């Protein structure tokens with residue numbers, strides 16, 4: 001372990017720096033491997049025309065992001081039950097994304113797994129995560145609102161006994177955690193449409209989540225969040241415009257899954273939706289576009305997700321990305337401030 005454990009803030013900063021260094025140094029070799037194997041991103045034909053030049057750019061950079069996080073946590077953190085659970089949630093959603101990426105590049109199409117296949121995977125992951133959080137990590141099945149109000153989502157709880165072990169199944173909270181994990185995973189995935197956009201937005205959100213974890217005394221979850229933020233820095237070195245590699249669904253689903261896991265384990269589920277407000281706006285823009293077109297035959301945005309809308313308005317890709325980073329930082333700051341208004 002690097003650094004002096006007597007100075008936990010130092011440990012967190014070292015984790016971010018180490019993850020950035022590892023990811024940044026390992027990525028070039030991975031890029032060369034992807035190019036050698038001919039594994040490149042498939043671009044949607046109905047997307048912005050200037051994006052077609054990105055066809056064939058190496059993808060699945062999320063593999064190196066995850067590797068950087070795992071190595072950093074192995075060196076800098078204690079493997080508590082909470083850290084193991086957060087790590088497993090990240091790796092499970094990342095594995096689902098990896099299957100999607102492999103399916104996409106193998107068949108040379110922009111679509112990988114079908115929506116039902118993805119949803120089945122997210123259901124299995126979120127249910128397993130929620131049951132482990134409640135029964136192993138003693139996470140209370142309620143959500144806290146700013147101002148001190150709490151809503152008990154464990155009112156409908158079943159208890160089953162397996163091998164002498166009592167397992168609590170809080171049905172309403174189980175559904176809530178599924179919606180949170182599936183929603184954030186898909187929201188980050190939808191945000192990953194411009195060079196550096198998802199990585200930069202995740203970076204600022206994870207800095208806020210790291211401070212939340214540190215504030216409740218969970219240094220190991222703080223190291224986990226810092227490692228993700230650092231890995232995003234290392235990735236952005238190669239993903240900034242024009243990108244040399246994309247994170248793919250491997251990265252975007254994993255980052256969303258890790259975000260949701262941290263929200264549950266730090267009991268910041270609701271304010272996490274504010275911290276990740278940029279991701280929520282991206283997802284809502286798609287929902288609004290689809291509903292509007294099916295109901296009225298008209299589109300609200302020039303193109304969805306909303307970052308493509310601003311591209312159609314004439315903004316350069318870099319301008320959209322930097323301004324969205326700023327908006328993401330504002331949401332993260334607001335959510336972090338509201339966190340201290342919880343009970």
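The values are calculated or read from the model by the stated rules, or taken from the named source; none is laboratory data. Just so it is clear, the structure is predicted and the values come from calculations on it, not from any experiment. Using ideal geometry, Cβ is built from the backbone for each residue, glycine included, and neighbour counts are taken over all protein chains shown.
Being within 21 Å of residue 242 (Cα to Cα) and surrounded by 20 or more Cβ atoms within 10 Å (Cβ to Cβ): is that true of residue 324 here?
Against the criterion (within 21 Å of residue 242 (Cα to Cα) and surrounded by 20 or more Cβ atoms within 10 Å (Cβ to Cβ)), residue 324 qualifies.
Restricting to the stretch 112-128, what's the tally of residues that are modelled with pLDDT under 95 and crowded, with 21+ Cβ neighbours inside 10 Å?
The qualifying residues number 2.
If a residue must be modelled with pLDDT of 95 or more, within 19 Å of residue 93 (Cβ to Cβ) and assigned to a helix (DSSP H, G or I), how many such residues does the stretch 230-248 contain?
Of the residues in the stretch 230-248, 3 are modelled with pLDDT of 95 or more, within 19 Å of residue 93 (Cβ to Cβ) and assigned to a helix (DSSP H, G or I).
So which of 166, 78, 109 is modelled with pLDDT under 90 and either exposed (fewer than 13 other Cβ atoms within 10 Å of the Cβ) or touching a helix residue (DSSP H, G or I) at 6+ places or on another chain (Cβ under 6 Å) (or both)?
Result: 109 is the single residue among 166, 78, 109 that is modelled with pLDDT under 90 and either exposed (fewer than 13 other Cβ atoms within 10 Å of the Cβ) or touching a helix residue (DSSP H, G or I) at 6+ places or on another chain (Cβ under 6 Å) (or both).
Within the stretch 141-158, track down each residue that is at negative phi, in a loop (DSSP other than H, G, I, E, B) and out of contact with any helix residue (DSSP H, G or I) (no Cβ under 8 Å at 6 or more places or on another chain).
149
Could you give every pair whose Cβ atoms fall below 9 Å, whose first residue belongs to the stretch 100-128 and is closer than 15 Å to residue 184 by Cα, and whose second residue is surrounded by 14 or more Cβ atoms within 10 Å (Cβ to Cβ) and at pLDDT below 80, counting only separations of at least 6 or pairs across chains?
118/112
Return the residue satisfying two criteria in turn: it lies in the stretch 169-191 and is buried (at least 24 other Cβ atoms within 10 Å of the Cβ) and more than 16 Å from residue 124 (Cα to Cα), and of such residues it is farthest from the chain's Cα centre (by Cα).
In this case the residue turns out to be 191.
Could you grab me the full set of residues in the stretch 168-202 that are out of contact with any strand residue (DSSP E or B) (no Cβ under 8 Å at 6 or more places or on another chain), over 23 Å from residue 114 (Cα atoms), in contact (Cβ under 8 Å) with a residue 40 or more places away in the chain and in a helix (DSSP H, G or I)?
174, 197, 199, 200, 201, 202, listed by residue number.
Would you confirm, using the coordinates I've provided, whether residue 99 is assigned to a helix (DSSP H, G or I), at pLDDT 90 or above, surrounded by fewer than 19 Cβ atoms within 10 Å (Cβ to Cβ) and under 20 Å from the mean Cα position of the chain (by Cα)?
Yes; evaluated as a whole, the condition is true for this residue.
Among the residues of the stretch 283-313, which ones are buried (at least 18 other Cβ atoms within 10 Å of the Cβ) and under 30 Å from residue 140 (Cα atoms)?
283
Taking the residues in the stretch 5-43 that are in a loop (DSSP other than H, G, I, E, B), in contact with a helix residue (DSSP H, G or I) (Cβ under 8 Å, 6 or more places away or on another chain) and more than 25 Å from residue 208 (Cβ to Cβ) as candidates, determine which candidate is modelled with the highest pLDDT.
Filtering the stretch 5-43 for residues that are in a loop (DSSP other than H, G, I, E, B), in contact with a helix residue (DSSP H, G or I) (Cβ under 8 Å, 6 or more places away or on another chain) and more than 25 Å from residue 208 (Cβ to Cβ), the one modelled with the highest pLDDT comes out as 39.
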